[in-house]
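All remarks here apply to the structure that follows.
Read the figures in this text as sums done on the coordinates, not as results from a lab. Keep in mind that this is a model prediction, so the values were computed, not measured. Here the Cβ positions follow ideal geometry from the backbone for every residue, glycine too, while neighbour counts run over all protein chains shown.
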Amino acid sequence: MWARMRGLLGRTSLEPDEGFFIPACSSIHTWGMRFPIDVVFLDAQMRVWRVVSGLRPWRLAWCPGAKAVLELAAGASLAAQIRRGLAVSLVADGVEEEHQETAVAPVGEGASHE
């Protein structure tokens, strides 16, 4: 629970191959954050509904109907070619996870697009 509440607060950066997965979520904020992030809103089948690139600190983003959020380093969604309609798989420490509970996990090579 505390990991979800804290999110990326307190961190000074997010590595290009890291992400923070938040299940059961359709809105996020970057209040108190020190760096911009990319925000990927997902449906129940882990398909991308919306991508917000370079969301700066002290901002809000939401997507009505989204079932989960993936927060990535700014520019990571463009580099991984993440766009609406693509299915995303999460990989944590080299092991594919089924909706892992709020953890910072590698997403670079682990992100797959169908």
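Looking at region 33-62, which trypsin sites (Lys or Arg not before Pro) are DSSP coil and have at most 12 other C-beta atoms within 10 Å of their C-beta? Provide the component values of the computation, followed by the final result.
Details: sites: Arg34, Arg47, Arg50, Arg59; in loops: Arg34, Arg59.
Answer by residue number: Arg34.
Treating region 20-64 as a set of equal point scatterers at the Cα positions, no solvent, please give the Debye-formula log₁₀ I(q)/I(0) at q = 0.14, 0.23 Å⁻¹.
These q points yield log10 I(q)/I(0) values of -0.31, -0.79.
Give, as a single signed number, the net charge of other residues whose beta carbon lies under 12 Å from the beta carbon of Leu42, with Lys and Arg counted +1 and Asp and Glu -1.
Working: positive: Arg47, Arg50, Lys67, Arg84; negative: Asp43, Glu71.
My count for the surroundings of Leu42 gives +2.
Stretched out fully, how many nm does the piece from Gln45 to Ala92 gain, at 0.36 nm a residue minus the Cα gap? Write out the running numbers ahead of the final one.
Details: separation 47, 0.36 × 47 = 16.92 nm, distance 1.83 nm.
Difference between extended and current length: 15.1 nm.
For each of Ser26, Ser13, count neighbouring Cβ atoms within 10 Å of the residue's Cβ, then give the residues from fewest to most.
Ranked by crowding around the Cβ, least crowded first: Ser13, Ser26.
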